[in-house]
Amino acid sequence: MKYVVCLKQTPDTTELPKITPEQALAGNEGATLVLNPWDEYAVEEGIRLKERFGGETVALSMGPESVDQALRSALAMGCDRAVRLWDPSFADSDYWSTALILARGIEKDGGADIIVTGKMSVDGNAAAVAHGIACKLGIPLLTQVARVVDVSDGRITVERLLDEGRETVTAPLPVVISVVKEINEPRYPTFIRIRKASRTPIPVLSAADLNIAPEEVGQAAARVRWTHLVKPEPKKRQVTIIEGDTPEEKARKLLDYLMDVEKVL
Amino acid sequence: MEFALSEEHRLFRDTVRGFVAKEVRPRARHIDETGEFPWDAIRKMGELGLLGLDVPEAYGGMGADTLSVAILFEELGAGCGSTALVAEAHLCLGTAAIVMFGSEAQKQRYLPALASGQSLAGLGLTEPGAGSDLVHGIRTTARRDGNEWVINGAKMWLTNAGVADYVVLLVRTGPEGGSRSLSQMIVPTDTPGFEVGPPEKKMGLHGAWSHAVSLDNVRVPLENLLGEENMGLHQTLQVLDGGRIAIAALALGIARSAYEAALQYARERTTFGKPLVEHQAIQFKLADMATRIEAARLMIYRAAWLKDQGQPFTKEAAMAKLVATETAEFVTREAIQIHGGYGYSREYEVERMYRDARLMSIGEGTTEIMKMVIGKRLVTE
């Protein structure tokens, strides 16, 4: 069995308040870059699949050299190999082009039985790339996966987390699954794995390696464009402390306030 | 010259930072307020190998270098001073003494459990009448009786004594006195006669328990002598040299955390019609804080580098501890000043950091002892 985890490097969300819309639009956030938090669950599940059903787990990402840091985090957690896909023509690719690049990367690496992605990225928030990969490869997609029940006889059985409850479904391999945070608790890398990961070479596959023409990707092929970005105004809250000698008096004042001033009751 | 962390160190720092953000810092206030021992974090650190970080791999450790140790304690210190101090006393004092001076048999016997965090360790030096002046002050004695050492006396401020399985004690074995009259002993804490008092009531670091210990005819086998008989003082000073890099890093972590809290507060709080950060008086404070933090980190990293290169580092470790711990006091004070009245309130973390930082220029060699160590090296080198 072979599992490929597709992951993205994103800005650390704790630094998002500092980032301006102009920086975000230019793709130059100037923030600390980390492994997309949703993808940590995907990496963990890719490793658990290997531990449960045997085989190899490969981390895959599209992006410039800085993305190696995210791939090394995945290696440190326990992925066996990492591959980065990059070519100057890949810059400014939209979800669809990114999915094409990742799909070609998976094919070039010899395919996969189970492709694991996170639910979405914390910067783009589109939750579209997993769909694109499945389309490009022509294989089933299972989203919202909260538990892998079993992998056997060329099929995968999973529980999907839906608004109404949990749904158990089965699909033939190969398959793309996108996982939610309920699926596992990502592990911390041990120092020994960190040391190994920091010394593991990460091969890079270019547009030529993937047989991708410049007009298929990047700005030229983008179907989605971010024309403008607006930062929501921080919410301003008014705090009123209700004074009173007894809890009963405070409760009475609160009730009066809710009925007479806020008129919510 | 290279000022960037290697890929290995960067990945390690990011990992520890993530661990601290999730497992250590959220508990810091609770630990401070209740004085609970940080078992959760300590157990998890054991599983990750952090409690044996620089113990050689042959004995179950991670075999990491001193720079990694410095990185670990800066991050832990930034999250929770108590948790950091527990780990520091375990790894850099008790365990380090066995790594440095243990026989092959002692290393094989004690280190695997200590490196994995199954057992904790501590180092007992201070006594009711002995702190900085160990040579003249130590009154705890060990005398031979057949196949055993019989230890009598008392220790103070023994961090981890109540939770450790083993402590290394500095005891007098030579009645003639002088610097060659002390020895280090490995003492299991369940030995009859080893009595641990309740955790001391302290200004800060409430979750890092420090105890008074009385030793009443505590018998350990002769083989529990650590290193060479009557060379315990020299051995202890060498252990403390390494520990100083870690305690300096811990203090640096507290300082960094207080600085970051102050910067964030100064961005959010408005006075006289503009955010605090736009006032020059506040910017000057932030500039001093950030500059001293940067200086302390460079000194710590250099001392760690010297140690890893096998070069003399006693003076540099003392300088790093001196600067980092005084920086921690300065920065936590200024952080409270920037917070104003709120900074004095327990609602804000800087109040805890100020109290935690205060120990750093006392424990494991006071600021004054650091200056003696530095001064002695300056005039004799």
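The values are calculated or read from the model by the stated rules, or taken from the named source; none is laboratory data. Predicted model, so just to flag it, every value in this text is computed and none were measured. All Cβ positions, even for glycine, are placed from backbone atoms using ideal geometry, and neighbour counts span all protein chains on display. Side chains are part of the model used for accessible areas, which takes the heavy atoms of the whole protein and leaves out ligands, DNA and RNA. Shrake-Rupley method; radii C 1.70, N 1.55, O 1.52, S 1.80 Å.
For the reader, a short list of remarks on this structure follows.
- Across the stretch B:122-230, counting alpha-carbon atoms alone, Rg and Dmax equal 13.3, 44 Å.
- Helix-only mean residue ellipticity at 222 nm for the protein assembly as shown, each DSSP H run of n ≥ 4 adding -39500 (n - 2.57), per residue, nearest 500: -13000 deg cm²/dmol
- Accessible surface calculations at 1.4 Å, restricted to protein heavy atoms, place the stretch B:194-274 at 42 Å² per residue.
- Within chain A, the longest run free of exposed loop sites, counting GluC sites (Glu not before Pro) that sit outside DSSP helix and strand states (H, G, I, E, B) and have at most 14 other Cβ atoms within 10 Å, spans A:1-163.
- With at most 14 neighbouring Cβ atoms within 10 Å, loop trypsin sites (Lys or Arg not before Pro) (DSSP) excluded, longest segment of chain B: B:202-345
- Positive-end extreme of charge dipole, the stretch B:233-380 - chosen from B:LEU286, B:ALA318, B:GLY341 (charges on Cβ): B:ALA318
- Each of B:ALA84, B:ALA41, B:TYR110 was placed along the dipole of the stretch B:7-120 (beta-carbon charges, centred on the mean Cα), and the one lying farthest toward the positive end is B:ALA41.
- The stretch A:2-221, accessible surface, carbon-and-sulfur percent (1.4 angstrom probe): 50
- Once exposed loop trypsin sites (Lys or Arg not before Pro) are cut out (DSSP; at most 13 other Cβ, 10 Å), longest piece of chain A: A:1-222
- Theoretical FRET efficiency, 1/(1+(r/R0)^6), r = Cβ-Cβ of A:ALA208 and B:ALA281, R0 35 Å, to 0.05: 0.05
- Long-range lysine pairs (8 or more apart or interchain), the stretch B:233-380, Cα under 21 Å: 9
- Within the stretch B:1-46, the residues that become at least 10 Å² less accessible when every protein chain is included than when their own chain is isolated (1.4 Å probe; DNA, RNA and ligands ignored) are B:GLU7, B:GLU8, B:ARG10, B:LEU11, B:PHE12, B:THR15, B:PHE19, B:LYS22, B:GLU23.
- A straight Cα-to-Cα reach below 19 Å connects A:LYS253 with the lysines A:LYS263, residues fewer than 8 places away in its own chain not being considered.
- Considering only A:PHE90, A:ILE47, A:LEU162, the residue lying farthest towards the positive end of the dipole of the stretch A:2-221 is A:ILE47, judged by Cα position with unit charges set on Cβ.
- Shielded residues, the stretch A:192-212 - accessible-area loss of 30 Å² or more between chain alone and all protein chains, probe 1.4 Å: A:ILE192, A:ILE194, A:ARG195, A:SER198
- Kirkwood Rh, Cα atoms: Rg over Rh of the stretch B:22-107: 1.01
- Summed over both chains, the accessible area lost when A and B associate is about 1600 Å², using a 1.4 Å probe.
- Kirkwood hydrodynamic radius of the protein assembly as shown, from the reciprocal of the average inverse Cα-Cα distance over all distinct pairs: 27.7 Å.
- For the stretch A:16-139, the per residue solvent-accessible surface stands at 38 Å², with DNA, RNA and ligands left out and a 1.4 Å probe.
- For the pair A:GLU22 and A:LYS235, the difference between a 0.36 nm per residue extended length and the Cα-Cα distance amounts to 74.6 nm.
- Whole-percent carbon and sulfur share, accessible surface of the stretch B:233-380, 1.4 Å: 55
- Computed P(r) (all Cα pairs; chain B; 20 Å bins; percent): 29, 57, 13, 1
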